[in-house]
Structure formats: structure tokens, C-alpha cells
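Just below is one structure, and these are the notes that go with it.
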Amino acid sequence: GAVEMVSGTTGTVPPRDPADRTLRIIVTESEPYQEPTKIAQKLLAAQGWELKPTYVTDIIQPNQAVDEGAFDVNFFQHVAYLKQFNKDYDTSVVPLFYVYALPGGLYSDRHASIEDIPEGATVALPVDPSNNGRAILLLREAGLITLRREPESVIEVSQSLIAQNPRNLRLVELDQQALLNTRQDVDLGFLSLRNAAVLGLTREDALVFEDGESERPFRILVGTRPEFAGTEAARMLREAYQSAEVRQWFAGYQGGTLPLPWDADAEKDYAQV
Amino acid sequence: MAEFLDRLVEVGPELATSLWQTVLMLLIAIPIAVGLGTPLGIWLHTHGPRGLQHTPRIHRIVDAIVNVVRSFPFLILLIAIIPFTRFVVGTTIGTAAVIVPLTINAIPYFARFVEQNLGQLDPGVVEAARAMGATRGQIIRDVLLVDAKPAIVGSATIMTVSFISYSAMAGLVGGGGIGDFAIRYGYYRYELPLMVVAIVLMIALVAVVQTGGARWARALDKRR
Amino acid sequence: MAEFLDRLVEVGPELATSLWQTVLMLLIAIPIAVGLGTPLGIWLHTHGPRGLQHTPRIHRIVDAIVNVVRSFPFLILLIAIIPFTRFVVGTTIGTAAVIVPLTINAIPYFARFVEQNLGQLDPGVVEAARAMGATRGQIIRDVLLVDAKPAIVGSATIMTVSFISYSAMAGLVGGGGIGDFAIRYGYYRYELPLMVVAIVLMIALVAVVQTGGARWARALDKRR
Amino acid sequence: MITLRDVTTVFSTPTGPYTAVDGAHLEIPAGSIQGIIGFSGAGKSTLLRNINLLERPTSGQVVVGGTDLTELSVEELRRARHGIGMVFQNFNLVNNLTAAKNVELSLKFAGVAGTERRRRALEALAIVDLADKADSYPAALSGGQKQRVAIARALATEPAVLLCDEPTSAVDPRTTTSVLQYLADINRDLGITTVIVTHEMNVVRALADHVAVMEAGRIVERFALAELEAGTFTPATAIGAHLVADEIVLDRRRTPVGAGVTPGEEAHHG
Amino acid sequence: MITLRDVTTVFSTPTGPYTAVDGAHLEIPAGSIQGIIGFSGAGKSTLLRNINLLERPTSGQVVVGGTDLTELSVEELRRARHGIGMVFQNFNLVNNLTAAKNVELSLKFAGVAGTERRRRALEALAIVDLADKADSYPAALSGGQKQRVAIARALATEPAVLLCDEPTSAVDPRTTTSVLQYLADINRDLGITTVIVTHEMNVVRALADHVAVMEAGRIVERFALAELEAGTFTPATAIGAHLVADEIVLDRRRTPVGAGVTPGEEAHHG
Ligand SMILES: Nc1ncnc2c1ncn2[C@@H]1O[C@H](COP(=O)(O)OP(=O)(O)OP(=O)(O)O)[C@@H](O)[C@H]1O
Ligand SMILES: Nc1ncnc2c1ncn2[C@@H]1O[C@H](COP(=O)(O)OP(=O)(O)OP(=O)(O)O)[C@@H](O)[C@H]1O
Ligand SMILES: [Mg+2]
Ligand SMILES: [Mg+2]
């Protein structure tokens, strides 16, 4: 399991007091993170646990903070990102369980199919490294570009890996969220399922989409330090996030479009992606 | 509308917290920036080309350090000083933690304001003070700062207003604040009405600071 | 080391592009901010409480508008003016597009600088001009601006330096720039050596602007 | 040509209103030279600034060339000022402009074309003997040189009315003579009405047709220079007498300086 | 007590070096009053500023009280200046301080304790008849009042040497008399060595023991007032003669102003 495969700075973090019934969680800001957290907070409170969330927008600090022991768990990232992060920063954050999955696709306001994408078209990629490579892999899947070699991880992929770009696509990198407002100005752009839903789009509207197996690396997990993984607290937390109440909330959120892979084994996915 | 009001009641406490976080950031960062930026600005002026005591070499070094700190994009400054932040506030996440880079950012910025304000003063009064055998410290305290006071208050006002919007970046590391609230609800969650409420609060805060600062500066200025 | 140099050669063109993007942002946004912020600042001063032509009502309105624009966190300003940006540059992503909110942000900011600089001038020369029957325009052009010139150049220097680090936010909408380069490679991709290279370039740019601006301001100042 | 009717100027100060000019009446015939004398703080500068409304009187009328200036619109007042030159007590030069450019300023504001300006500015500077400092900035000028630039600036436009606040306070007798000669000349040749505030009685004697004496905001005495010269004038007030005498006689054997000095005694022994 | 040896001050200007003081020699005995007169721009202010090294001479020695000031360290020079009061031609008051606070400044810099300062400042203001303006800011003072504050500021510390640059240029005869009387008194009682730059010959006559005449940076003439009074002094230079005569006589029937006036003629007829 995960506990054996990671090494790092965990030795320096003082162990959690088993009697401690507070949980510090660092969460990214956005509805599907914040609202389930609020629900979990209520549920845990009913059982005498206090869940103390801190909301951030950065994507580096949450792993650092958990790794250092400043927080018990974090909830902001998908599997692929965590894996690469641990490698780059020599941290040892492990996946605990999933909350939801966030596949994405390439969407267009202007063109109905990949074939219509013209010479010199503008393509928007997410600028953040957790999603940048996804969009590039989707471009390859659509046959618009080729890569110099097969990447080890989606996170490793960046524009510099592109070998051929026969249609001379102009790739621009921007904040994912900004694309919601700027999509009229691009021919093709990456949207996560959630952002697509905000615009009233479904997976079917995408010109290419991360369906089936390719969705796996992009499941959103709750991460923690290895020694926290087996604890009572971890179990309570999972129960709260994977509760009927949360399920119900997701059912009402953007037409219930986000998958909830609660039974999937996050550790196994982590090992495989 | 009723729906919006319900929502407002719901997030009310969070809104209040955010506002308080911003006020807290201001209350800590601005006094420190003024408190340390002013002597630094004085130093830059007095040791600079037209200062009381031009020391080209060391001035060049301090000037360069000020430039270096001012060069860093906020995000990178934030990361670069993490060890320092941890040393000072014991954590690197949250409001207290983000105040550290915000303050570090503001100090050399304000120093430039002060340097510039001192450079605008009439050289005649400094001459008079020199003729009276004032020490450098006395010239600075009793003459330069006295005449520059209105300008310094005006500059602090400009900085504080900048800071209110700039501090929205606190959200990166859980610092919260009203600007971050606006971004979270407006940009990440699409609850435009809540964003508008937050922005209106920011505007009100800016108006209070700007109007108060301008009045104060005028009251200090005895030249007419 | 050899590895790093290889990498540097590899990203060299991108680095050069980033630097050029920042320079482009500066070359467009700063002149426009100075060009529009100066008249706005003059207006604020002359129509304000101690101005040539105090008009309390309309001054309060313009003052409020300036406050409003200055209140917006950059991210939200960027989104809020998207229709305008599209109207002006035809797109909302890329370097050209991000220059629009950067400029909009900088205009009222610079206006405050100018307002403050004009307020610092000796009231005596304005009196002299009034006695000579100068029009308001002449007082502004031939007296106020002439004596405020060194201060305005100094303020533009402070703003430009702020802008260099601030423009790192251009990355949000694909605007690029050297600050964004530093964040993408250094922060997101953890290539610290590349980040250091980018920061060094930013520091160099800041040093050139700061030193050049300070010299220019000194050269314009004929008071000693 | 200039008529001041019941002009009063009250400043508000932290300690309450302060009346700097108190019900001043004055008729200055066109083409004449009016001297205003009085002790420091008597209200001379304020009264002079009332004439071109730089300081708008709290009450009273200011009629210049038949027009009540207090009733003019901003724009009309501005135009009226083209005809009223002024030399300030503290010069008020633009620091970032050279001597010549400072003089050009008044010509520019009066609408003189650009090509003409430099020539006339240099001419005006030559009159005050400063042709060689045309391109110096104020910071590089001596006190008297600055004052002369201020005079040149006021004279350059050949205004119909000239208001001079201590125009020769910083200059030596030679320069004073030359400046006053010029004022006398333009007064005679162009009929320029001149009001000159001064504390130097010899300036008054050399130049003025009529003299007003101010004290504590009031005009307490008025006489024609001719009367003074003919010996038919006797000052009615102690102040008038004192100013007209214009003597500095020090007692070099007085009691030692130190404790027990009352301000009144110490300062008012003139 | 004050000795200037071959003092030369050269300013660099855009058009080349400009010699404002040119090899000046001057011995001022301790306790005496030295007048310096000369035309505007002659170099009087610059020479005065050379004495306390506000303007460090390009070459030459400045010996005050036996010490060559040019050889002192920054700190020593600063202390030396506590003993040298100065009244500036353009006053140089701190705008954001009241009259009293401006005077307190010199006391503070000279190390007078806080409690004592206000009292002595008010005393000094009373001497220049400004007790009632103690809490006014410079902007609310008349020209002469500002000058008197500057005088009070210089006098308040009772320095051993007093440098005055046209200290009565902006004040009326009464105030001039009172200021000069005070200068004479402290000179006699406290033995203060005084150097006074002025363009008013009556100031010189009333106060000075010795007089130096400057022209174009040089000291061209030197005499004792006693000689002048005894009638045994005849100026050797035209400038000396002119200044000593101190007359303003205008020719009110000269040729009209206008074309053909050469600056030299127009300005130098004194
Ligand atoms: N900073 C400077 N740079 C260049 N020239 C200067 C500077 N200061 C003074 N001068 C010149 O030096 C000369 C002497 O100046 P100074 O102020 O000593 O004259 P002054 O005798 O005091 O004249 P005044 O009676 O008019 O005050 C003048 O011609 C002046 O223009
Ligand atoms: N802005 C002001 N606020 C308050 N009091 C003022 C203001 N300006 C002038 N005064 C006061 O009004 C009185 C008259 O001032 P004014 O400048 O007219 O005097 P003056 O006769 O020109 O004196 P001087 O010969 O010293 O120049 C003075 O007592 C002065 O202190
Ligand atoms: Mg006056
Ligand atoms: Mg002088």
C-alpha cells in the first residue's frame, strides 16, 4: 500500500494525539469542494468531531501543508497531480478516498467537430500544471498534434513535448476559470465537466472527452500523511464525505453530472496512473 | 430577490469574517510598512545623490535590495520567504501567514514613496537646519519629516487603497479577506450577487480610507 | 550545470518571448496610464478642495469612480471588463488582451499620484499665474505641470516598477510575460533554476527602470 | 481709475477671524503712481492683492478702469488681469523655468505670439540688467536677481495697471534707481497706473504722486507727494510721522539686553 | 575673530564655471559689526554662506574663533555652527511649524531643554514684536513678519557670531530700527560678532563698525564707519561712491521708453 511506497519528511511530524477530535483540512475554493466540506462538517459535529477547513486557491501549498503536518488532510487535487507532486517536491502525501471525479474535454463554440478546426486556430489550455497536460493529451487523441515520446505522466506533459502541429494551432495557456468568460475568443478550449456544466454543456457536447478509463487519473481525492490513513479520524472523515447527504448534494449540483467513484480504490489508482 | 437575501444571511458570517480579515491585514501590514518603509525611504533619500550624506557605494547596494524585493511577483515572494514566515508566525497558511509577505512587499514600496516625497521638499529649509548645526537625525525628524508629513500621509493613503485590492491575493494561501471572498464567489463559484456585495464593501472601505487619508493630509498641510 | 544550460538553451526562445511580452505590456500600458492618468489626476486636483476650481459635487462623483476602479481585485477587473477588452483588441486572451485591464487598473492609480504631486507644489506660483490672467489650462500646462514634472516622473517610475511584478498576473489569461514565466516554471513546474533566471531578468528590468527614472527626475528638477 | 470702496478682508484663523484690511477707501487717478506705506503686518500686501482680486475682499467694491471687478465672471476677471501686472513680495518664480522663460510666461498668458515672446522677454530682462542671466534657473540667481526677474515679468506685457509689492526690497540703490526710473518712464509715456507698496520712504519720495499710510488694516493717512515736498504736509498720526521721517537712529548706550525686557518697550521705541 | 583668506567660490553652470566669490580677504575683529554692501549679484550672499561653510569655498581658508572651519570634520563643523546664527535672505522657515516652533528649532538644535525652549522662543518673538503671531503658521504671516521670525530664530540661541543676509529688507523703518537696536545691544553686551549683508546704506550707517564693498565677486573697498563719519574716507571706486551716496534721484523728463533703448544705457544711469 501507499504507506510503504512513500518516504520523506514524515519522521519530523509529531504523531497525532489519538484523543484529538479536531480535523484540520485544507480545501480549494469552488462549490464542489466547499459545499461537501460544509456538509461533512455538520455530520462530524453531530458525532463530536470538529472539522476545521481552510480555503485556499493555490495548488502547491495544500500538499506542503499536509506533508509538514500543519493540516491533517487536503481536498483539492486529482490523482495524477498528487503523484507528480510527490515526485517533484519529495513529499509523501497519500490518497485517502475519492469525493468525485472531474473529467474534462475540448469544447468549441465555433466548430462542430474536430475536422472543422481550421488552420491556425486558437486553442486554450489550462495554465496550471495539474490540467495543462490533459488538454494536450486530448489534442493528441483528436489527432491534431503528435508528441515526441510517450509521457510517463500526464502532469509531465507540456507544450515542449509536442512534436508536430500540422494545423499550426496557436496554443494559449490561461487560468481554467478564465476560459468560462473568454471562450468566444478561442476555437477550442479545455473545460472540466463542472465548468462545462456551468455553461450548460454536457460531455456529449465536447469534441473530445476523457471518457472511461482516461477519466481515472482525474478523480478528486482527499489526501493525507501515511500515518493518518488508518486512523479512526480518517474513517469518520470518509463516512462524512461519502454520506447520503453529500450524494444528495451532488445529485442537485449541475444536474448531477459529476461522477462519484466512491467505491474505487484510490491507492490502487495512485499506483497505476 | 428573496432567494438572494436568504443566501446573504447564510454567508453573512463568512462575509463578516472576510471583511475582518482584510481589516486585520491592513491594521498590521500598513503600520509596519509605514513604520519600516519610512526610515528606509529616509535612508534612501539622505544617502542618495541629492541627500544630506551621499554615500554612493552603500546607497547602490540598499537601492538594489529595494529593487530586488519589489521585483518579485507576489506568489514567488510568498514562497521565497516561507521559512521567514514560519519563523515569525509559526505557520505558512492563513491570514497571519499571508500578512508577512504582504508586509514585506509593502515596505520597499512605501520606502520609494517616502524617498520621492522628501526629494520634493524645498532645499532651503534643510540649509537653514544645517546652518543651525542640526544633526542629521534632527534635520530628518524636525525639518524634513515635518514638511513631508502631508505628502507621506497622502502616499500612505495611496498605498493602503492599493493594498485593499492587492490583498485579494491572500486567498492563495488561505488568508481570506474580502477581495478573496469576491474572487471565490464571483470567479470560482459564479455567484455574482455575492461578488457584488463583496465589491461594494471593498469600495466602501476604499472610500473611507481615501477620503479620510485625503482629509488628514490636508489638515496637516499648513502652507495655505 | 551542463544540464541546466541545456535546459536554458531549450527554453531560451520562450524566455525571450516572455521578456518581450513584459516589455510590450510596459510600453503600451505605462504611456497610456500616464497619458490618461495625468489629466485625470489634474482634474482631481483642480476640482478638489484645494484646487483652482473646486466643484464639490462633480468632484465627489469622479473621486468615487476612481475609488471604484481602484477597489477591484485584478482578477475581477479582468473579468468585469471583458466586453470592453474584446471591443478594444478583438480578443480577451493573450498579451494584447491583458494589457487592457492592466492599463485600466493603472490609470486611476497614476491619477492619484499626479493629484498628490500637484498638491505638494508651492501655492505661490499658481497665484502668480492667476494674477497674470492665465486660463486654467495655462496654469496647469505652463506652471503646475512644469514644476511637478520631476515628481510625476518619479511617480511614473514607482508605478512602472510595481507594474513589472504586478503584470505577472497576465498569466491568468494567457498574457505571458516574464513574471508569469517565473511562476509557471519556478512555482508550478518546480524548475527553480529557470525561475531564478526569470527573476534575475525582472530585477534587471526593475533596476533599469528605477535608475533611469530617478536620473531623469533629477535632471528635470532645477531647484538646486 | 482704481477705486476701492469700503474694502474689508477678514481671514479666518484658528483663533478666530482676523481683519487684515478694514474698510479701506482709496481713489487712484488713472496714470498716477500711488505709494502705500505702513508697518509690517499693517495689511499692505493684502490690500494690494485685493486690487486684482487675488484675495477677494470679504466686503467692499474694487473698481478698476470703470469695472467693478467683484462682479465679473471668472473668465472676465481673467481677461481683466491681463491689464494688471503684479510683482510679488516673495517673487513667486517658477523654479523649473529659466529667467527668460519666467518672463515669457506673462507674455504667453497675455496672448503674445511665440516668436515675439523671447525677444520681448530678453528686452524686459535687459531693462533690469539681467540679460546675461536669461538662461539661468531661479536657484542659480541671487536674491536681487530673482526680484528683478519678477519685475521684468510684470513689466513685459506693459499692463495698464501695475501692482508692486516691495519691488526693490532685495536690490541695491543702483538697481533700485534703474527699476524706479523705468517705472517712472512707463508711467509717463504709457500712462500706466502704478500702485507700489514699500517700506522705503526714499522709494516713495522718488516715485509716488500720492501716498497712503496703513495701520492695522486701516488707511490712516493720505497725502500728495507735492504737499510733502512743499512742506505743507504735517502727518496727522504718529505712524505717518514716523514713516515720513524714515530715520534709523540707534542708541548704542542703552541698558543691557536681558531679563525684564517687555516686548512693547523693546520693540516700539521708534 | 573671523578671517577669510583668499576665499573663492566657483559654481558650475551649464554655460561653464561661474566665479561668485573671487579671492576674498577679510578680517572681522571679535565683537565688531561688519557690513557687506554691493550691487545685486556681487557675491554677498555667497560670501556670507562661505563663513559657515553652507557653501564650501572652492579654495581658501575660513577661520572662525581661531579654527579653520574647512578642516573640521562633519561633526565638529556641526557643533561650530551652534555658535553661528544665520538669517537667510529668503527666510527659509519650516512651513508646517508655527512661528514659535520655528524659533524653537534653533534652540532645540543648540541643545536647549524642551521646557526652556518655548519661553525663550516667545522672548525672541517679543523682541521682533511678534508675540501675538507665535502660533501662526508662515502662510498666515506677512512678508515682514516672516523675516522677523527668521531673525528671532537666529537670535534666540545668542550665538557668538551672527550672519545676517538682508535682515531688514522686508520690514518698515520702525521694525528695522528695533531689529538693529537689538543687534547693536547684543553686540555690545554679549560681544557677538556680526556680519550683515545689506543694500540699505542707512542700515550700515546705523550699525556697522567696518564696511566691505563687493563687486563681481571681489572685495573692492574696505573702510571703517568712523572714517566715513569723520569725513576722512573717500571711496576709491565708483561703486563705493555710488553705494555710500545711497541716493535715488529719478529723471522724470527723460526720453520716451521704447525702441532704441540699449540695456546698458537704460539700466546703468545711476
Ligand atoms: N547655485 C548657483 N549656481 C550658479 N550661479 C550662482 C549660484 N548661486 C549664485 N549664483 C550667482 O552668483 C552670483 C552671486 O550671487 P549672490 O547670491 O552671492 O549675490 P548677492 O551679492 O547676494 O546678490 P543680491 O544682493 O541680489 O542678493 C550671482 O550672479 C548669481 O547669479
Ligand atoms: N492667510 C492669512 N491668514 C491669517 N492671517 C493673515 C493671512 N495673511 C495675512 N495675514 C495677516 O494679516 C496681516 C496683514 O498682512 P499683510 O501681508 O497684508 O501685511 P503687510 O502690510 O504686507 O506686511 P509686510 O510689510 O510685513 O509685508 C498680518 O498681520 C498677517 O499676519
Ligand atoms: Mg507685505
Ligand atoms: Mg544675496
Check: Dipole magnitude of chain B about its Cα centre, charges +1 at Lys/Arg Cβ and -1 at Asp/Glu Cβ only, in debye to the nearest 20?
Finding: 840 debye
Check: Using modelled amide H (1.01 Å from N, peptide plane; none on Pro or chain starts), what sits under 5 Å from the amide H of D:E221, excluding residues fewer than 5 places away?
Finding: D:V213
Note to self: So for each of D:38-44, C:31-37 I average, over its residues, the number of other beta carbons within 10 Å; can you give me the resulting order with the highest mean first?
What the structure shows: D:38-44, C:31-37
Check: Restricting attention to region A:122-159, which trypsin sites (Lys or Arg not before Pro) occupy a DSSP loop and are surrounded by at most 12 other Cβ atoms within 10 Å?
Finding: A:R148, A:R149
Next item on the list: Taking a cut-off of 18 Å between Cα atoms, list the lysines near A:K38, but don't count ones fewer than 8 places away on the same chain.
Entry: A:K52
Note to self: Do any residues of region C:206-224 show a loss of at least 30 square angstrom of accessible area between the isolated chain and the full protein assembly, using a 1.4 Å probe, and if so which?
What the structure shows: C:V206, C:Q210, C:R218, C:K222, C:R223, C:R224
Check: When the Cα centres of region D:21-53 and region D:81-117 are compared, how far apart do they sit, in Å?
Finding: 23 Å
Checklist line | Pseudo-label separations to other copies for D:E116 - Cα-to-Cβ vector, 7 Å, nm | finding: 6.5
Notebook entry, point to check: In region C:2-220, with Lys and Arg counted as +1 and Asp and Glu as -1 at Cβ, which of these residues, C:G51, C:V100, C:A64, has the Cα nearest the positive end of the dipole, that is, farthest along it?
Noted result: C:G51
Checklist line | For the B-to-C rotation axis, chain B residue with nearest beta carbon and its distance in angstrom | finding: B:Q120, 3
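Mind pulling the per residue volume of the convex hull built on the Cα atoms of chain D? Å³ is fine.
Working: hull volume 46.0 nm³, N = 270.
It is 170 Å³ per residue.
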Next item on the list: Working from Cα positions, state the angle (0 to 90°, nearest 10) between the long axis of helix C:192-220 and the longest principal axis of chain C.
Entry: 20 degrees
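Of E:L141, C:L192, which has the most accessible area and how do the rest follow, probe 1.4 Å? List each step's numbers first, then the result.
Working: E:L141 15, C:L192 75 Å².
Sorted by accessible area, descending: C:L192, E:L141.
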Check: If the label for C:R50 sits 7 angstrom from Cα along the Cα-to-Cβ line, what are its distances to the same label in every other copy, in nm to one decimal, shortest first?
Finding: 1.9
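Carbon and sulfur together cover what percent of the accessible area of the protein assembly as shown at a 1.4 Å probe radius? Walk me through the numbers on the way to the answer.
On the way: 26390 of 46840 Å².
That share works out to 56 percent.
Per residue, how much accessible area does region C:81-164 have with a 1.4 Å probe, in Å²?
Numbers: 2180 Å² over 84 residues.
Averaged over the residues of region C:81-164, the accessible area is 26 Å².
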Item checked: Rounded accessible area of B:V100 (nearest 10 Å², 1.4 Å probe) -> 20 Å²
Next item on the list: At a probe radius of 1.4 Å, figure out the A/B buried accessible area, summed over both chains, and give it in Å² to the nearest 100.
Entry: 1700 Å²
Item checked: Protection proxy ranking, peptides D:71-83, C:5-17, B:103-115, average beta carbon neighbours within 10 Å, highest first -> B:103-115, D:71-83, C:5-17
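Does region A:72-152 come out rounded, prolate or oblate by the C-alpha gyration tensor, with a ≥ b ≥ c the root eigenvalues, rounded set by a/c under 1.5 and, if not, prolate when a/b is larger than b/c and oblate if not?
Working: a/c = 3.07, a/b = 1.99, b/c = 1.54.
In terms of gyration-tensor shape, prolate.
Starting from the eigenvalues of the Cα gyration tensor, five times each then square-rooted, give me the equivalent ellipsoid semi-axes of region C:13-73, largest first, whole Å.
Working: eigenvalues 246, 34, 6 Å².
Semi-axes (√(5λ), whole Å): 35, 13, 6.
With runs of 4+ DSSP H residues as the only contributors, calculate the mean residue ellipticity of the protein assembly as shown at 222 nm using -39,500 (n - 2.57) per run, divided by the residue total and rounded to the nearest 500.
The helix-only estimate for the protein assembly as shown comes to -15500 deg cm²/dmol at 222 nm.
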Notebook entry, point to check: Heavy-atom accessible area per residue, region E:148-238, 1.4 Å probe: how many Å²?
Noted result: 27 Å²
Margin query: Given all pairs of different Cα atoms, what value in angstroms does the Kirkwood hydrodynamic radius of the protein assembly as shown take?
Written below: 35.0 Å
Note to self: Which residue in chain E puts its Cβ closest to the axis that rotates chain E onto chain D, and at what distance in whole Å?
What the structure shows: E:S169, 2
Item checked: Accessible area that becomes buried as E packs against D, both chains, 1.4 Å probe, Å², nearest 100 -> 5500 Å²
Item checked: Unit charges on C-beta of K, R, D, E only; dipole of region A:55-146, Debye -> 180 debye
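Looking only at region E:114-239, where both bridge partners belong to it, what percent of the DSSP beta bridges are antiparallel (to the nearest 5)? Please report the intermediate quantities before stating the final value.
Values: 6 of 11 bridges.
The antiparallel proportion sits near 55 percent.
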Item checked: Threshold 40 Å² - residues in region E:176-195 whose accessible area is reduced by that much or more when the chain is no longer isolated, probe 1.4 Å -> E:T177, E:S178, E:Q181, E:D185, E:R188, E:D189
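So how much accessible surface do C and D hide from each other in total, probe 1.4 Å, in square angstrom to the nearest 100?
On the way: alone 12520 and 13750 Å², together 24220 Å².
Adding both sides of the contact gives about 2100 Å².
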Margin query: Taking each residue in E:31-44, count the Cβ atoms of any other chain within 10 Å of its Cβ, then average. What number comes out?
Written below: 4
Item checked: Shape call, region B:2-220: gyration tensor on alpha carbons, a/c limit 1.5 -> prolate
Checklist line | Residue-averaged beta-carbon neighbours from other chains (10 angstrom radius) around C:104-115 | finding: 2
Item checked: Between region A:41-72 and region E:170-207, the Cα center-to-center distance that results, in Å -> 81 Å
Check: What figure in square angstrom, to the nearest 10, would you give for the accessible area of A:H111 with a 1.4 Å probe?
Finding: 40 Å²
Margin query: Can you tell me which aspartates and glutamates have their Cα less than 15 Å from the Cα of D:K101? Leave out same-chain residues fewer than eight positions away.
Written below: C:D142, C:D147, D:E116, D:E123, D:D132, D:D135
Check: Across the residues of B:167-174, average count of Cβ atoms on other protein chains within 10 Å?
Finding: 6
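Please calculate how many Å² of accessible area region C:8-57 carries per residue, with a 1.4 Å probe and no DNA, RNA or ligand atoms counted.
Value returned for region C:8-57: 48 Å² of accessible area per residue.
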Check: Going toward the positive end of the dipole of the protein assembly as shown, with +1 on Lys and Arg Cβ and -1 on Asp and Glu Cβ, which of B:Q21, C:I139, D:I192 do you reach last?
Finding: D:I192
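What ranking, highest mean first, results for peptides D:126-135, A:82-91 when packing means the other Cβ atoms within 10 Å averaged over each residue? Before the final figure, lay out each step's value.
Details: D:126-135: 21.0, A:82-91: 19.2.
Put in order of decreasing packing, that is D:126-135, A:82-91.
The values are calculated or read from the model by the stated rules, or taken from the named source; none is laboratory data. A quick note: this is a predicted structure, and the numbers were derived from the prediction, not measured. Note that we place each Cβ from the backbone using ideal geometry, even for glycine, and neighbour counts take in every protein chain shown. Just so you know, the surface numbers come from the protein's heavy atoms only, side chains and all, with ligands and any DNA or RNA stripped out. Shrake-Rupley method; radii C 1.70, N 1.55, O 1.52, S 1.80 Å.
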